[in-house]
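What follows is one structure encoded as structure tokens, with my remarks underneath.
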Amino acid sequence: MKNKILITGSNGLLGQKLVNLFSAKDDFEVFALSRGKNRNETAKNYTYYNIDITNAKKLSQLINEIKPHYIINSAAMTNVDECEKEKEKCDLINIEAVKTIVSAAIECNSHLIHISTDFIFDGKDGPYKEDDEPNPISHYGLSKLKSEELIIKAKIKHTILRTILVYGLVDNMPRNNIVLWIKGALENKQEVTIVDDQYRMPTFVNDLAHACLLSIQQEAYGVFHISSSELLSIYEITLQIANAFDLNASFIKRISTSQLNQTAKRPPVTGFDLEKSKKILNFPVLPFKNRLQVFKNQLLPSEV
Ligand SMILES: NC(=O)c1ccc[n+]([C@@H]2O[C@H](COP(=O)([O-])OP(=O)(O)OC[C@H]3O[C@@H](n4cnc5c(N)ncnc54)[C@H](OP(=O)(O)O)[C@@H]3O)[C@@H](O)[C@H]2O)c1
């Protein structure tokens, strides 16, 4: 018998990667759910549903119909400044919809894999361990922390994967990410201004999708941190991107966060301690430079 898996946010960066990964496996039957038209042109052998996860009735009906063994919730309102401006909308997607998913997961006895963020921390003291004290400084971070708390409180089979600054490529992407943005700008000889006082460990989307698979294979429950292994300033990250793609880094100008004037506050230094994921999930802990080369090789065929 195949394992039924429901992937929410299947049009997103992680969502599409997950559909591609699981639909290529013989032992999984994949159900994908997102808003509007299906944007994934790569994967085959799966069923797509156009459902808004804030529609509690439709969402719980669908989950109860499918009765999935696994649910991966990659749907979220992910634009940090939009979440700050539209707090109610953010809460409906990032908290209320998670409540609906949790209730349905209880009824179906599903293992819920939920994606969270480094933005649950205040960034005063990174890199962080899984049990370090959260203290979000943005509404996005707060909404994701509340979603974690309600999942943990529900005492269902769950895995919470926190991640940082995700990059990669999928079909018909509506949103950019740091690698594609910097690569595109430098190829077009456009100047970019980049902060040098925020530190992160960027995450290749393929690695995050693989971590979801590992948590199923290892039956690993609880909270895990998933990212690359070295803490870098965002300025250093962009220099590594320029270097990996042989592009002219002189178009990258460094600035400080105070010059940016963003709506939502950003934690200065996040980054993760990855020991728990390495030990329990068997997650490969690798530097950004290494993951960039893998991503670059994936991009090559479409460029020739
Ligand atoms: N990207 C990062 O740097 C990052 C960092 C840390 C944590 N995370 C977390 O990782 C997860 C996946 O992120 P991602 O980068 O893949 O995000 P993404 O590309 O923005 O994908 C999220 C998907 O969710 C869908 N969605 C949003 N609201 C919905 C609704 N009401 N009903 C149905 N679908 C809805 C979006 O649909 P539309 O495409 O139609 O908007 C989008 O396809 C999220 O939980 C995010 O919080 C991401």
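Scanning region 185-235 for residues that are farther than 16 Å from Ile72 by Cβ and free of Cβ contacts under 8 Å to residues at least 40 places away in the same chain turns up Asn188, Ser233.
Put simply, of Ser250, Ser227, Ser258, Ser233 the only residue that is under 21 Å from Val19 (Cα atoms) and among the small types (Gly, Ala, Ser) is Ser227. Among the residues of region 242-269, just one is touching a residue at least 60 places away in the same chain (Cβ under 8 Å), part of a helix (DSSP H, G or I) and closer than 24 Å to Tyr128 by Cβ, namely Thr257. In region 270-291, the residues that are touching a residue at least 40 places away in the same chain (Cβ under 8 Å) reach residues that are among the acidic types (Asp, Glu) and assigned to a helix (DSSP H, G or I) with C-beta atoms within less than 8 angstrom, at least six apart or across chains, in these pairs: Thr270/Asp118; Gly271/Asp118; Phe272/Asp118; Phe283/Asp207; Pro284/Asp207; Leu286/Asp207; Arg291/Asp207. Can you tell me which residues in region 267-304 are modelled with pLDDT under 95 and not polar (S, T, N, Q)? Within region 267-304, Leu299, Leu300, Pro301, Glu303, Val304 meet the criteria.
Taking each residue of region 22-37 that is at positive phi and looking for partners that are surrounded by fewer than 24 Cβ atoms within 10 Å (Cβ to Cβ) and of a type outside the set (D, E, K, R) with beta-carbon atoms closer than 9 Å, six or more apart or interchain, yields Gly36/Asn50.
Listed by position, the strands (runs of 3 or more DSSP E) contained in region 8-122 that have at least 1 residues being among the β-branched types (Val, Ile, Thr) and within 13 Å of the ligand (Cβ to nearest atom) are 70-73, 111-117. Reported count of residues in region 211-257, each being of a type in the set (Ser, Thr, Tyr) and either within 19 Å of the chain's Cα centre (by Cα) or within 19 Å of Leu14 (Cα to Cα) (or both), is 5. Being at pLDDT 95 or above, outside any helix (DSSP H, G or I) and either small (Gly, Ala, Ser) or more than 21 Å from Lys124 (Cα to Cα) (or both) is the requirement here; does Thr193 meet it? For Thr193, the condition - at pLDDT 95 or above, outside any helix (DSSP H, G or I) and either small (Gly, Ala, Ser) or more than 21 Å from Lys124 (Cα to Cα) (or both) - is met.
The values are calculated or read from the model by the stated rules, or taken from the named source; none is laboratory data. Keep in mind the model is a prediction, meaning the values are calculated, not measured. Quick reminder, even Gly has a Cβ in these numbers, built from the backbone with ideal geometry, and neighbours come from all protein chains shown.
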